Structure formats: structure tokens, C-alpha cells
Amino acid sequence: MKKIITILILALFWSLPLYAGQTDVRSLRIWSAPDHVRLVFDTDSLVEHNIFTLDKPDRLVLDLKNTRLSTKLPQPESSNRFITRLRSAARNKRDVRVVFDLNRAVKPKSFLLDPNRQYGHRLVIDLYDKKESSKRRASPVKTVKKSGNRDVVIAVDPGHGGEDPGARGKHGTYEKDVVLAIARKLVTMINRKPGMRGVLIRDGDYYLGLRKRMSKARKHHADLFISIHADAFKDSRVRGSSVYTLSRRGASSEAAKWLAERENSADLVGGVLFEGKGKGEDLFTVLLDLSQTGTQQASSTAADRVFRQLKKLGKTHKRRVQQAGFVVLKSPDIPSMLVETAFISNPDEERRLKDPAHQRKVARALLAGISDYFNYQPPPGTWLAARQEREAPRRHTISRGETLIAIARQYAVSLNRLRRTNELKNDTIRIGQVLQIPGG
């Protein structure tokens, strides 16, 4: 008996060098975006790797040093843009080789990510079409001439996506899913309005870096950027919608500060590297100090119009538009806002967010605010601006003894519409003040 125990101990001792210190690959997640495929290997520690491609036929080879697989790697879906299948095998009793069979040549890019609040160590590999990458490098930058009757463009950005699910409700609802559903409904409604065109920044379950979202909006020459989210807080009783614009002086409340830090960390979850002192650097230290006074004023006006409509829909979390340092709002030339449609951490609001009928109500409220903003302040050279000029809005200079209700009757317009057109909070007017009289 002692002899058998001794043999077992020796066998265990001799096997230790094979596994001691090895990195454990726990899972592989595959995400498909419009321009690339992302592979995410979840590991229990940093992994040394080597990656290269082969042709005839096209393959991608990944060698993982001093690594073992603790799970069977999944096969790609049949709709995968590049990968037809994958296979893996141990090498040298300590390494692992993974081979991806491809349907075309790819340009791979790999990097490592440190653990964060959602994931542990990760090896990320992004695959791009090799031919399309070459075309992009060779293509000159095109300029777009804006005609006198162009549509106003609204970039609608559903937050999070892919391996970054955003907030999660008590019953398992993911923020990334409900905001995508709302965004799609909103873009459909926008495209039914004359003189307006909606652009969906994310149209699937994949991740986009915060700056790439801004870049896509700029590529489409957006006149307004609206990022749609679902809020979350540690207290499940908190409820209501919110609208945020960018603050250069800091958040307008502690809750706004907390929320901004959570949303800005999305790039660390999604895997975006920054040039500078190193990956994982605080987002705020790598942002440019942009001069955007005019853009911020327009953002505030648009956000206020949207907030008014959300108040009609139901309870709002605060009484006014909030401010915080959201990275996704830092575009210097596009008025931008971030809308938290509800608190997904509140079970009642989670249930409503999943309801398609409620999603349409939210989309209609957002559309009403957007339309109100552009009808009041249409960009020059647009169809909406041309329509406003055709209607030849009249102007009235207030004289002594005139009242707002008398002016409304004089021009046959409602008192409420006259107030709204001139953004008057009450009926107080002053001599010499110029009022814009709405058409019709």
C-alpha cells in the first residue's frame, strides 16, 4: 500500500511542471461588427501569444505559449464574415495552437486587456478584410457639397453592445438590447418626417469605441447626436428618465458624476486602446480640451426640447437637464445629448423598457423633442430652413401698452404657440422686444 501511495505522489510531482504557471483559457466569445470580427479569449492571467496568417487556403494561426484550454472552443456561426471553422490542439505539452479557417485574407490586430469590473484578463483579436483595409488607405478623402435643400441628419447612437452589455436589470434585461430596440424605432420615425434623416450608429450586437461613435456621426455630417441609454443605480427604487449634455466644469450632481464614470468606462470594457502613457489610462486625462461654446449652447437647447417631451411621458429623475463629462458627447462640432430612458435597475421600469409599445412611446417623445428643436432652429441650407423662409415668419416689435395676448389675437395664432416660438416662460414682455410670429 505504501508503495502505491509513493508512486502516486511521484507521478503527481512529475506532472506539476507541466501545469504550474500555465495560463488557463476559459472561454472564447466571437462578435461580428459591420467592418470587422472580434475574438475575445477570456484567460486567468496574461497570455504570451503569436499570431500570423497563411494562404492557399487562407488561415489565421494563433499560438498561445504556456497555455491550456479548460473548455471546448465554440465554432463560428454560419453567417460569420470571415471564419468558416476553427480547430485547436496542444503543442509541446505546454502550448496551444488555434487555427481559424477563413473564406478570405484578413488583416489581424491583437492586444491584451487588463481585468475590469466585468471581465478578467482578455486577449482580443480583431479581424479586418485585407483588401478593404488597403482600399481605405489608398482612397482620397471626399468632400460633400451640401445642397440648399438637404435633410437634417440625426445620428442615433444606442449605447454599449457586444461584450459590453451595459447595465443589467433584476430580471436579466440588458441595457444594450433595449436601447437598440428604441433607437431602431426612433430612426424609422425620423425617416418618415419630411426634411429629416436618421442614421443608426450601432445596428447590431457589437461594440463600438466611444470615439468611433463620434467619428461615424461626423462621417454622416450629423446635425445632432443623441446617445440612448438605460440608467442603473444601486438603489432599485430610483426611477425616471434623464437628459444630459456635456459639462466642462464637472458634473451637476454626484449622481451625474457617478453615471459619467460608469458610461465612460465602456471603452475599457469594450477594449479600446489609447495612445499615451499606456492602456487603461483614465479617459479624462487623454481627452483634448475642445473649444465648443457654440456647440454646447445648441446642445443645451436641443436637450431642453427633448426633456420637455420626456416629462410628458412620465416621471423624470431630475427637474431639469443634467450635465456630466460624458466622452461620447465631446464632439466639438455636433450638438450632442445623452438620454437615459429609464432606470433598468428598477423592476417596474425594466418591465416597461422590454415592452415594444413603451419603446415606441419613448421613441415618439424623443422625435417630438428633436422636431421641436429643428423647427425652431433649422440649420442653414436645409429643407427645413428653406420651408421656414418660404413661410416668411413675421417679426413684431413691441410698443408701449401692448400685451402678449393682444399680439397673439392680432396675428391669429395661439398664445401658447407664440410663447413656445419665442421661448417665453410667462407673458411678461418689454418695450422694444422683437417677437417672432409663427406662420400659419
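The table below gives the values:
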quantity	calculated
Residue 324 being within 19 Å of the chain's Cα centre (by Cα), at pLDDT 90 or above and buried (at least 18 other Cβ atoms within 10 Å of the Cβ)	no
Yes/no for residue 115 being closer than 30 Å to residue 216 by Cα and within 31 Å of the chain's Cα centre (by Cα)	yes
Counted residues, segment 29-71 - those being hydroxyl-bearing (Ser, Thr, Tyr), surrounded by 16 or more Cβ atoms within 10 Å (Cβ to Cβ) and free of Cβ contacts under 8 Å to residues at least 60 places away in the same chain	2
Residues (of a type in the set (Asp, Glu) and not in a strand (DSSP E or B)) located in segment 307-366	333, 348, 349, 350, 355
Selection count, segment 194-233, where residues are touching a residue at least 24 places away in the same chain (Cβ under 8 Å) and either more than 25 Å from residue 167 (Cβ to Cβ) or part of a strand (DSSP E or B) (or both)	20
Matching entry among 385, 408, 412 (being over 22 Å from residue 160 (Cα atoms), free of Cβ contacts under 8 Å to residues at least 40 places away in the same chain, touching a Leu at 6+ places or on another chain (Cβ under 6 Å) and not in a strand (DSSP E or B))	408
Cross-chain or 6+ apart pairs with Cβ under 9 Å, segment 83-106 first and within 18 Å of residue 33 (Cβ to Cβ), then among the basic types (Lys, Arg) and exposed (fewer than 14 other Cβ atoms within 10 Å of the Cβ)	100/85; 100/87; 104/131
Filter result (closer than 18 Å to residue 31 by Cβ and of a type in the set (A, V, I, L, M)) within segment 49-87	51, 60, 62, 73, 83, 86
Every pair of residues 6+ apart whose Cβ atoms lie under 7 Å, when the first sits in segment 282-311 and is within 28 Å of residue 186 (Cβ to Cβ) while the second is in a helix (DSSP H, G or I) and modelled with pLDDT under 80	283/264; 283/267; 283/327; 287/327
Boolean, residue 160 is in the same structural domain as residue 371 (by TED's automatic domain parsing), at positive phi and in contact (Cβ under 8 Å) with a residue 12 or more places away in the chain	yes
All positions within segment 214-223 that are buried (at least 23 other Cβ atoms within 10 Å of the Cβ) and either polar (S, T, N, Q) or modelled with pLDDT of 90 or more (or both)	217, 222, 223
Test set (1) modelled with pLDDT of 90 or more; (2) surrounded by 24 or more Cβ atoms within 10 Å (Cβ to Cβ); (3) in contact with a Phe, Trp or Tyr (Cβ under 7 Å, 6 or more places away or on another chain) - residue 342 fails condition number	(3)
Near pairs, Cβ below 9 angstrom, 6+ apart or cross-chain, from segment 118-133 (within 13 Å of residue 51 (Cβ to Cβ) and in the same structural domain as residue 31 (by TED's automatic domain parsing)) to any residue that is modelled with pLDDT of 85 or more and among the polar types (S, T, N, Q)	123/43; 123/110; 124/110; 125/110; 126/110
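Residue-by-condition table, conditions (1) touching a Gly at 6+ places or on another chain (Cβ under 8 Å); (2) not assigned by TED's automatic domain parsing to the domain that holds residue 195:
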{"position": "335", "(1), (2)": "no, no"}
{"position": "340", "(1), (2)": "no, no"}
{"position": "347", "(1), (2)": "yes, no"}
{"position": "360", "(1), (2)": "no, no"}
{"position": "364", "(1), (2)": "no, no"}
{"position": "383", "(1), (2)": "yes, yes"}
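The values are calculated or read from the model by the stated rules, or taken from the named source; none is laboratory data. Please read these numbers as outputs of a predicted model, since none were measured by experiment. All Cβ positions, glycine included, derive from the backbone under ideal geometry; neighbour counts span all protein chains shown.
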